[in-house]
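The values are calculated or read from the model by the stated rules, or taken from the named source; none is laboratory data. All figures in this text were calculated on a predicted structure; none of them were measured in a lab. Heads up, the Cβs are rebuilt from the backbone with ideal geometry, glycines too, and the neighbour counts pull from every protein chain shown.
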Amino acid sequence: MLRALGREPRTAKAFLGFLETGLGRYREFDAAYEELAASLHSSLEAVSSGDPARIAGIQRCGRVMVEKMALLLQATILFDSAPAEVAAGFVSARLGPNRGREYGALPSDVDIDFLVERA
């Protein structure tokens, strides 16, 4: 991912632009977006600098950054394509402060009955 950002830095701006369509709906999403935007910005600066030490520093965080990108992308898509309860549950379970680290670990504010009924 970092090599791709180095070759096509505009892709980060385009990706963040898409995610911006989800801003203002959930504070957890907004906070995760701001964190990712800052990480992408500093990563682009490091890659552009060509400094091996700076590049090595961001490479250690690359997988976590890609995970955050995927989660924010999923949430943004859900905002426009799924019932509000599903989107809210996803944001709470994957981006919220009480998120579980294991698949299926859901915070208490998730409407589990709605999710089960919908399945």
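Things to note:
- Pair list, Cβ < 9 Å and 6+ apart or interchain, from segment 61-82 residues that are closer than 12 Å to Arg94 by Cα to residues that are of a type in the set (Gly, Ala, Ser): Lys68/Ala32; Lys68/Ser39; Leu71/Ala32; Leu72/Gly22; Leu72/Ala32; Ala75/Gly22; Ala75/Ala32; Ala75/Ala87
- Residue in segment 101-119 that is surrounded by the most Cβ atoms within 10 Å (Cβ to Cβ), counting only those that are of a type in the set (Gly, Ala, Ser) and either over 13 Å from Pro83 (Cα atoms) or touching an Asp or Glu at 6+ places or on another chain (Cβ under 7 Å) (or both): Ala105
- Qualifying residue in segment 88-98 (condition: free of Cβ contacts under 8 Å to residues at least 40 places away in the same chain, among the hydrophobic types (A, V, I, L, M, F, W, C) and surrounded by fewer than 18 Cβ atoms within 10 Å (Cβ to Cβ)): no
- Residue that is within 11 Å of Lys68 (Cβ to Cβ) and either at pLDDT 95 or above or buried (at least 16 other Cβ atoms within 10 Å of the Cβ) (or both), where the choices are Leu44, Leu2, Leu23, Leu19: Leu19
- Against the numbered list (1) surrounded by fewer than 17 Cβ atoms within 10 Å (Cβ to Cβ); (2) modelled with pLDDT of 95 or more; (3) not in a loop (DSSP other than H, G, I, E, B), Ala32 comes up short only at (1).
- Of the residues making up segment 63-84, those that are assigned to a helix (DSSP H, G or I), surrounded by 14 or more Cβ atoms within 10 Å (Cβ to Cβ) and not basic (Lys, Arg) are Met65, Met69, Leu71, Leu72, Leu73, Gln74, Ala75, Thr76, Ile77, Leu78, Phe79.
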